[in-house]
1. Here are 164, 244: which of them is within 14 Å of the ligand (Cβ to nearest atom) and either touching a residue at least 60 places away in the same chain (Cβ under 8 Å) or surrounded by 23 or more Cβ atoms within 10 Å (Cβ to Cβ) (or both)?
2. Cβ-Cβ under 6 Å, sequence separation 6+ or interchain: first residue in segment 200-212 and of a type in the set (Asp, Glu), partner within 12 Å of the ligand (Cβ to nearest atom). Which pairs?
3. Name every residue in segment 192-221 that is hydroxyl-bearing (Ser, Thr, Tyr) and within 12 Å of the ligand (Cβ to nearest atom), in order of residue number.
4. Counting only residues that are away from the ligand (no atom under 16 Å from the Cβ) and part of a loop (DSSP other than H, G, I, E, B), which one in segment 253-289 is nearest to residue 230 (Cα to Cα)?
5. Quick check on segment 255-283: of everything there that is surrounded by fewer than 19 Cβ atoms within 10 Å (Cβ to Cβ) and within 28 Å of residue 217 (Cβ to Cβ), which residue is modelled with the highest pLDDT?
6. Filter segment 356-386 down to the residues that are within 15 Å of residue 420 (Cβ to Cβ) and either outside any strand (DSSP E or B) or over 34 Å from the mean Cα position of the chain (by Cα) (or both) and list them by number.
7. Output the number of the condition that residue 113 fails; it satisfies all remaining conditions of (1) touching a residue at least 40 places away in the same chain (Cβ under 8 Å); (2) open to solvent by less than 30 Å² (accessible area, probe 1.4 Å); (3) within 30 Å of the chain's Cα centre (by Cα).
8. Would you check if residue 93 is more than 16 Å from the ligand (Cβ to nearest atom), among the aliphatic types (A, V, I, L, M), farther than 30 Å from residue 295 by Cα and surrounded by fewer than 18 Cβ atoms within 10 Å (Cβ to Cβ)?
Amino acid sequence: MDNVVNVGLLGAGTVGGGVILVLEKNAADIEKKVGMPVRITKILERNPQLAVELGQKYQITDKIEDILEDPDLDIVVELIGREHPAKEFIAEALRHGKNVVTANKDVLAKHGKELFELASQNQVDFMFEASVGGGIPIIRPLKSCLAANKITSVMGIVNGTTNYMLTKMSAEHLDFADVLKEAQDKGYAESDPTADIGGLDAARKIAILASIAFNTRVVLEDVHVEGIENLTLRDIDYANELGYVVKLLAIAKRDEKDGISVRVHPTMLPSDHPLAKVNDVYNAVYVTGDAVGDTMFFGRGAGRMPTASAVCGDIVDVARNIRHGSTGRISCTCYDEKHLCTIENITSPCYIRLHVHDKPGVLAGIAAAFGAQNVSLKNVVQKAKVNGFSELVVITYDVSEFNLRMAIQTLRALPIVEKICSVIRVEDDNLD
Ligand code: HSE
């Protein structure tokens, strides 16, 4: 064993630059914590300007082989992002016996199984704390601190862009299009914000969290995904009036039969729920375990320094394992194959907004249509008139997705119903 831990960095962009800063600034403390120095020795960077700047202090290369085949490098840190060639670089690094640290949710949510197997075969560490929730510690707490629990539920606000937008819509009564433009102007939303708005970014993250929480491999395709693109200010305002807030929640739950469901969709949460108070670009993950009860992990879910904090925490952990000859100690934890429930089988209370003709017997007809599908109603509130129709807001008790869809289909066919405007699921223990 060398008396220094050598790191090869793939990508010195936003997060990579943050990692360089943290490892330089806190080098003395990190050396004491690990018991030997941890230093970046080689960087793969293809941006010529960055390469020249960094070249004054570090060895820069534009060839991945220079990193993979360097026998002195102990840890490869992948911060290139996206699926390819990051996945191939990670796989090759593991095959070459390198420990790997990554922030790459795209790769993890799709290729986790293959990469963990490679890590295991090569007895090396494969760590990815920054892939979910940026700087928030959540992967290691699930894998270590909460490892003795049976986890029953993981619910997260894991996309900062959409949380910023929903917070703005609610607080300032702004329309979706206006807040999207503001999020883009501020640099929160990407110029192509589809993955954020459409829920895919959150889906990748909950696939990763569910795999760990339930010890069962969950990939992106297993996640039911709905984004916030159809949410209206009207529904957000009505939700607030009823004592709820609307959040894009990523939800992974274990049911009584030990099956699991994993989904991302707009969700109405009671305004006193801890997640309801997570606003702006902040993220939070709410985990319930049989021994620990409810816990919440909160913080900055993106950004250069918070993400670098998580990456560097992983580097320190790997370095400690290297020092003590214990790399590969915590490998893949997906030893189980729990049944994945389809969305039709999940149950939750629901909010439905609809326009109906204003005449006697309408409310009885609506209640009968719900009743025929076994949907029990908590509230039916008549709101203002819209274009000559009465606007109704209905909150149901717990209902299966299948029964809800049947009820909506029945309602749509009723002559007294002009249109079903929106359906939003509710997470409220009082309505179970
Ligand atoms: N686009 C993500 C977000 C950050 O808005 O939270 C990167 O995961």
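1. Of the residues listed, the single one that is within 14 Å of the ligand (Cβ to nearest atom) and either touching a residue at least 60 places away in the same chain (Cβ under 8 Å) or surrounded by 23 or more Cβ atoms within 10 Å (Cβ to Cβ) (or both) is 164.
2. 201/159; 201/195
3. Of everything in segment 192-221, just one residue is hydroxyl-bearing (Ser, Thr, Tyr) and within 12 Å of the ligand (Cβ to nearest atom), namely 194.
4. It comes out as 271.
5. The residue in question is 259.
6. Those that are within 15 Å of residue 420 (Cβ to Cβ) and either outside any strand (DSSP E or B) or over 34 Å from the mean Cα position of the chain (by Cα) (or both): 356, 357, 362, 365, 366, 369, 370, 373, 375, 383, 386.
7. Every listed condition holds for residue 113 apart from (2).
8. No; evaluated as a whole, the condition is false for this residue.
The values are calculated or read from the model by the stated rules, or taken from the named source; none is laboratory data. Remember, it's a predicted structure, so these values are computed and weren't measured experimentally. Cβ: placed from backbone, ideal geometry, glycine included. Neighbour counts: every protein chain shown. Just so you know, the surface numbers come from the protein's heavy atoms only, side chains and all, with ligands and any DNA or RNA stripped out. Shrake-Rupley method; radii C 1.70, N 1.55, O 1.52, S 1.80 Å.
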